[in-house]
1. Ordering 40, 78 by how much accessible area each has at a 1.4 Å probe, largest first, what is the list?
2. If you split all Cα-Cα distances of region 32-75 into 5 Å bins from zero, what percentages do you get per bin, shortest first?
3. For region 28-34, just list the computed ³J(HN,Hα) in residue order, Karplus coefficients 6.51, -1.76 and 1.60, θ = phi - 60°, integers in Hz, with x standing in for Gly and Pro.
4. Give a residue-ordered list of calculated ³J(HN,Hα) values for region 46-60 (Karplus: 6.51 cos²θ - 1.76 cosθ + 1.60, θ = phi - 60°; whole Hz; x for Gly, Pro).
5. How would 51, 38 rank on accessible area, largest to smallest, probe 1.4 Å?
6. Carbon-plus-sulfur fraction of the accessible area of region 1-46, 1.4 Å probe, in percent?
7. When the solvent-accessible surface of protein heavy atoms is calculated with a 1.4 angstrom probe, in what order do 21, 44 fall, highest first?
8. How many Å² of accessible area per residue for region 1-79, probe 1.4 Å?
Amino acid sequence: MTIYVGNLSYSVTEDDLKEVFGEYGTIKKVQLPIDRETQRKRGFGFVEMETEDQEAKAIQELDGAEWMERTLKVNKARPQEERSKSPRGGGGGWGGGGGGGGYPRR
């Protein structure tokens, strides 16, 4: 299981997360995704701990906690959705969707 940590300060580091989550057990891995275009942190991260019991305790204790002047959103991470290999398939791009612009639907 992996923990999703949302509403993070953009100045948070992996070491900051290791320190906070380390109070609940052994940290196996920490990730802070970077935006491809801006090269800045995206305001969320993932923490993987050694056992599910440790992760459950961290989620229970830290969800809704105030840290670095922000209220944390901490829960079990959902599996990453598989991305379409087609350049025009999947979400975004042309076609599909609704609202605003284009030809009206009949």
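1. Working: 40 140, 78 210 Å².
Accessible-area ranking of 40, 78, largest first: 78, 40.
2. Result returned by the calculation: 5, 20, 21, 21, 18, 11, 4, 0.
3. The phi angles translate into 8, 7, 10, 10, 10, x, 10 Hz.
4. 3J(HN,Hα) across region 46-60, in whole Hz: 9, 10, 10, 10, 5, 10, 5, 4, 5, 5, 4, 5, 4, 4, 4.
5. In descending accessible area the options line up as 38, 51.
6. The value for region 1-46 is 40 percent carbon and sulfur by accessible area.
7. Putting 21, 44 in descending order of accessible area: 44, 21.
8. 65
The values are calculated or read from the model by the stated rules, or taken from the named source; none is laboratory data. The structure displayed is predicted, hence computed values, not measured ones. Calculation scope for accessible area: heavy atoms of the full protein, side chains included, ligands and nucleic acids excluded. Shrake-Rupley method; radii C 1.70, N 1.55, O 1.52, S 1.80 Å.
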